[in-house]
1. Conditions first: (1) part of a loop (DSSP other than H, G, I, E, B); (2) farther than 19 Å from residue 206 by Cα. Residue 139 passes all but one, so which condition is the exception?
2. Quick check on my filter: what residues within the range 117-141 are touching a residue at least 12 places away in the same chain (Cβ under 8 Å) and surrounded by fewer than 24 Cβ atoms within 10 Å (Cβ to Cβ)?
3. Would you say residue 433 is modelled with pLDDT of 75 or more and either surrounded by 16 or more Cβ atoms within 10 Å (Cβ to Cβ) or closer than 26 Å to residue 18 by Cβ (or both)?
4. Considering only residues that are more than 13 Å from residue 294 (Cβ to Cβ) and surrounded by 15 or more Cβ atoms within 10 Å (Cβ to Cβ), which ones fall in the range 240-255?
5. Scan the helices (runs of 4 or more DSSP H) fully inside the range 149-254 and keep the ones with 2 or more residues being out of contact with any helix residue (DSSP H, G or I) (no Cβ under 8 Å at 6 or more places or on another chain) and in the same structural domain as residue 371 (by TED's automatic domain parsing).
6. Taking the range 70-81 on its own, how many of its residues are touching a helix residue (DSSP H, G or I) at 6+ places or on another chain (Cβ under 8 Å) and surrounded by 23 or more Cβ atoms within 10 Å (Cβ to Cβ)?
7. If a residue has to be closer than 26 Å to residue 262 by Cβ, free of Cβ contacts under 8 Å to residues at least 40 places away in the same chain and surrounded by 21 or more Cβ atoms within 10 Å (Cβ to Cβ) to count, how many in the range 286-320 make the cut?
8. Scan 357, 363 and give me the residue that is assigned by TED's automatic domain parsing to the domain that holds residue 424, under 19 Å from the mean Cα position of the chain (by Cα) and over 20 Å from residue 407 (Cβ atoms).
């Protein structure tokens, strides 16, 4: 029996070319069932014929696509390329598939769609195959059948993350896992908050769980052992990027983790935080354990819009106060910002720029709002006839290119203008933050030239698109990471 499983990780023109942590967690399950596992990372567009050749070279019996909402057009394209090989079972999973499985099964050539987290459904599927059972009854998966789509119940999610085998990052190219000395890992899952633009509540909802219940972190002991395991495998690690939505959500847990991390790991790191969680004790725990940068969702600098449309209910005064605690500790402040929300105008977008200036953001990013299916803001957009056509949304492979909801030409010009202005401000702030720590010399001059060139690129859409494509090349990405530490 052919027991070869091929993951296809899609991140084409996505603005992100790192690891897919879900795939890394599924690889040990395949090995437990005596399958060999490989991963095809598609980071730039290739033809269907070329994709088919790459897949056939692995001779898989199963292909599993991992896709966000932004990559669904490529899921459709590449699953179609395999239709002449019905002997290969095609399945798909990931956030994009979970949020709209009916669309996937009606449009793509895959037979099954994984709903939610993949560990239990994949284990169920492989067990059914080994025992000769009808796979269309696999809990946690929906299937396309001759009688239509068979919708099996969700299989449940892992409540104790410490019970999982360590994720297998060896399935990815080494320079994706550790890029420029930076290791990218995920320890926890979920988020206890309910922002209206985020899909976390929708993902928790498939299990009938509340957002707070869906947030989970492994034991501190598990996390430290896992990080030591990774350090043993990748001796080039100099910095750890925790990609968790909110690793610090449980303050008592994080306090213990920070103490053990300082003793056992001791590397500099970055972590995502929420304003509501920030206090002097937490920041001291982060600082003393090696945190060099925190990422925080500023999103909108307009209080009314933030409260009413985003469900982020805190004042600008509180945001400024908590940001000062972080900066006073000498930790770099990286902000996430979004423009192009429903009912947002020039004033609201300008408020976002101004709040970044007030808090003195050291680094950050500004993207366009995208209406993810089954989120509160998606429903608001639909009710107010603000959704673009399905084809238009499907064509947006990232949230950096253009506004994603209906706007007048004037509104769209304003939106694009402020996205660039906020991005340029944050880019220049990053240049100051990086170069201020560098001694005088050739490297400092080269770094300033790099940032100056980046500022020019921001203002030229074609150059920006080309730069995004180049960033998917590991060698170039490694150099950029080194400059931006």
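1. It fails just one condition, (2).
2. As a first pass, look at the range 117-141 and keep what is touching a residue at least 12 places away in the same chain (Cβ under 8 Å): 117-127, 130, 135-141.
Hits for the range 117-141 are 119, 120, 123, 124, 126, 127, 130, 135, 136, 137, 139.
3. On the way: modelled with pLDDT of 75 or more: yes; either surrounded by 16 or more Cβ atoms within 10 Å (Cβ to Cβ) or closer than 26 Å to residue 18 by Cβ (or both): yes.
Considered against the rule, which asks whether it is modelled with pLDDT of 75 or more and either surrounded by 16 or more Cβ atoms within 10 Å (Cβ to Cβ) or closer than 26 Å to residue 18 by Cβ (or both), residue 433 comes out as yes.
4. From the range 240-255, those more than 13 Å from residue 294 (Cβ to Cβ) are 240, 243, 245, 249-253, 255; that's our starting set.
Scanning the range 240-255 gives 240, 243, 245, 249, 250, 253, 255.
5. Values: elements: 174-177, 200-205, 211-214, 220-233.
Output list reads 220-233.
6. In the first step, residues of the range 70-81 are kept if they are touching a helix residue (DSSP H, G or I) at 6+ places or on another chain (Cβ under 8 Å); the result is 70-73, 75-78, 80-81.
Checking the rest, the ones that are also surrounded by 23 or more Cβ atoms within 10 Å (Cβ to Cβ) come to 70-72, 75, 78.
Matching residues across the range 70-81 total 5.
7. Number satisfying all stated conditions: 1.
8. 363
The values are calculated or read from the model by the stated rules, or taken from the named source; none is laboratory data. It should be emphasised that the depicted structure is a prediction, and the values quoted were computed from it without experimental measurement. Ideal geometry is used to build each Cβ from the backbone, glycine not excepted, and the neighbour counts take in all protein chains shown.
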